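Taking it in order: structure first as structure tokens, then the write-up.
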Amino acid sequence: MQWKKLARNTASAKEPPKLDYLFYPKNVAVIGASNEKESVGYAIFENFHKNKHNWCEHVFPVNPNHGVIQNHKSYKTVLDIPVDVDLVVIVVPAKFVPQVLKECIEKKVETVIVISAGFSEIGEKKLTGEIAALIAQNPRTRVVGPNTFGIYVGDTGLNTTFSSKQKMNMPKNGTVAFISQSGALGVTILDWASTQEFGVSKFVSYGNAMDLDESDFLEYLGSDPKTKVITVYLEGVKHGHKFLDISKKVTKQKPVIVLKGGVTEQAHAATLSHTGSLAGATRVYEAVFRQGGIIQAKTLQELFNFAKIFETEPLMNGNRVQIITNGGGYGIISADRVIESGLELAKLSDKNKSKLKKQFPPTVTISNPMDLVGDADEHRYIAAIQTALADPGVDALMVLVLFSIPAIGKGLVTQLSSIKKTAKKPIVVVSTGSQFTEQMRRELEKNGIPTFKYPEIAATSLKALSDYSAFRQDR
């Protein structure tokens, strides 16, 4: 498949999606809400209603077989609800979806999320065709899915997913948005994010994308003031030129990080049966990502790490990294990783080298890596960091810390956190260790300093930041 063969936006007859109705609805209905505690319909209605007071006026259960759902009056159809409805979540067997969607359209519902599976992803053509026809004939009602995990909004707590609150916490409010074609990967992302110090602005699992697709959500989040970083997992795109055009616009304003599934021949075949998407040649996608200013993550870990560094750090003016360490060997392998990643080792000015020589004992190596040696305390670290930040030959700092050394502890964390507030250059901390080290890393991240366990992870993350910075400067 060639990128140029991908269709242009076949939904061009539709108005631009008004996704505020999706993310910030006033009245919501759950069709297929249930009293059975182990069912998807139960979990979705419970999650919806749990935080209702934060974001909407009413959540209506719809189930023709029950008059009361979870102590709330239930309606036989969405048409029976006495007020306008902004968002409907459909969680009924696939065979009932066309009729239920038709009723939503008749009700003039603004947005619909179809959780139900059993369509193009399994080769079901009849039901897929019926839904496609309804969508094409009724451009007002916008549809997410089918075969989706739902959405989550950080600042209100809106949660249309069927995650179990007993088994999984939702992430705190933040500025990183996640768009996922895969529902299962979406669960992983949300669950993992809940354990981290950065939070989520918006999450959306868009499934088979029969109407709203990755480009629509990318465009919305590009103009969302509550989102600083957009991350995407996709297996293929529906409308190639639309995706590229929107990517070019969005990446001029904020970073977009994509993890592409199906890059091997065998995995590519699996994508066709997963979401029914058009996957395409890996090299074509890679070229388009570069053209669109998109940062491509190769692994799920990279997706998370890139999101971490992009959320907190300023853009880089170049690719020169100064390494500061209290362990010689740690600094040497970090220098290897920095160079292997495509970055350069910074060179301090002679003036700054002389300045530090006057401050430090002769055992300190004032080079790159800068080895402060094992007796370094917080004052030695801070002097080195402040000097490197002020040096015009340094674009970013990689600070390696062995917190197991007696002279280093909470004092360094406190002072480094203070410096971070006014720093104009990226600072990342690398530290590997046990309980105390993890405690210090967590404190640093609470104060907006990205930390990594290993230098190779920090190096690839800085390289991604450097590449995006260069893209922005060229625009």
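The values are calculated or read from the model by the stated rules, or taken from the named source; none is laboratory data. Note that the coordinates shown come from a computational prediction; the quantities given were computed from them, not determined experimentally. With ideal geometry, Cβ positions are generated from the backbone for all residues, glycine too; neighbour counts draw on all protein chains shown.
Looking only at residues in region 228-259 that are within 18 Å of Gly150 (Cβ to Cβ) and of a type in the set (Ser, Thr, Tyr), which one is surrounded by the fewest Cβ atoms within 10 Å (Cβ to Cβ)? Steps first, answer last, please.
Taking region 228-259 and keeping what is within 18 Å of Gly150 (Cβ to Cβ), we get 231-234.
Next, only the ones that are of a type in the set (Ser, Thr, Tyr) stay: 231, 233.
Numbers: Thr231: 25, Tyr233: 23.
The extreme case among them is Tyr233.
Could you grab me the full set of residues in region 411-445 that are basic (Lys, Arg), closer than 23 Å to Ala383 by Cβ and out of contact with any Leu (no Cβ under 9 Å at 6 or more places or on another chain)?
Of everything in region 411-445, those that are basic (Lys, Arg), closer than 23 Å to Ala383 by Cβ and out of contact with any Leu (no Cβ under 9 Å at 6 or more places or on another chain) turn out to be Lys421, Arg441.
Which residues, taken from region 216-253, are outside any helix (DSSP H, G or I), farther than 18 Å from Phe471 by Cα and of a type in the set (D, E, K, R)?
Asp224, Lys226, Glu235, Lys238
Please specify each residue of region 130-169 satisfying the condition of being buried (at least 23 other Cβ atoms within 10 Å of the Cβ), farther than 17 Å from Asp20 by Cβ and among the hydrophobic types (A, V, I, L, M, F, W, C).
Passing the criteria: Ile131, Phe149.
How many residues does region 388-411 hold that are within 30 Å of the chain's Cα centre (by Cα) and in a helix (DSSP H, G or I)?
Summing the residues that are within 30 Å of the chain's Cα centre (by Cα) and in a helix (DSSP H, G or I) in region 388-411 gives 1.
Identify all residues within region 410-448 that are touching a residue at least 60 places away in the same chain (Cβ under 8 Å), in contact with a helix residue (DSSP H, G or I) (Cβ under 9 Å, 6 or more places away or on another chain) and closer than 21 Å to Gly199 by Cβ; write none if there are none.
The answer is Pro426, Ile427, Val428, Glu445, Lys446, Gly448.
Would you confirm whether or not region 334-354 contains a residue that is touching a Lys or Arg at 6+ places or on another chain (Cβ under 7 Å), of a type outside the set (Lys, Arg) and part of a helix (DSSP H, G or I)?
The answer is no, given that none of the residues of region 334-354 is touching a Lys or Arg at 6+ places or on another chain (Cβ under 7 Å), of a type outside the set (Lys, Arg) and part of a helix (DSSP H, G or I).
Cβ-Cβ below 9 Å, separation at least six or inter-chain, first residue in region 217-232 and free of Cβ contacts under 8 Å to residues at least 12 places away in the same chain, second in a helix (DSSP H, G or I) and crowded, with 24+ Cβ neighbours inside 10 Å: which pairs?
none
Starting from residues that are modelled with pLDDT of 90 or more and either at positive phi or loosely packed, with under 14 Cβ neighbours inside 10 Å (or both), keep the ones in region 260-292 and report whichever is nearest to the chain's Cα centre (by Cα).
Among them, the one singled out is Arg290.
Looking at Gly342 and the list (1) crowded, with 22+ Cβ neighbours inside 10 Å; (2) on the phi > 0 side of the Ramachandran plot, which single condition is not satisfied?
(1)
Check off (1) part of a helix (DSSP H, G or I); (2) modelled with pLDDT of 90 or more; (3) surrounded by fewer than 24 Cβ atoms within 10 Å (Cβ to Cβ) for Trp192 and give me the number that stays unchecked.
(2)
Every residue in region 197-251 that is among the aromatic types (Phe, Trp, Tyr) and over 15 Å from the mean Cα position of the chain (by Cα), please.
Residue satisfying the conditions is Phe243 alone.
For Asp474, indicate whether it is among the acidic types (Asp, Glu), modelled with pLDDT under 95 and surrounded by fewer than 22 Cβ atoms within 10 Å (Cβ to Cβ).
Here the answer is yes, as Asp474 does meet what is asked.
Hey, among the residues in region 412-442 that are assigned to a helix (DSSP H, G or I) and among the hydrophobic types (A, V, I, L, M, F, W, C), which one's surrounded by the fewest Cβ atoms within 10 Å (Cβ to Cβ)?
First pass over region 412-442, keeping only residues assigned to a helix (DSSP H, G or I): 412-420, 435-442.
From what's left, among the hydrophobic types (A, V, I, L, M, F, W, C): 412-413, 416, 419, 436, 440.
Working: Leu412: 25, Val413: 23, Leu416: 22, Ile419: 15, Phe436: 12, Met440: 21.
Only one residue tops the list, namely Phe436.
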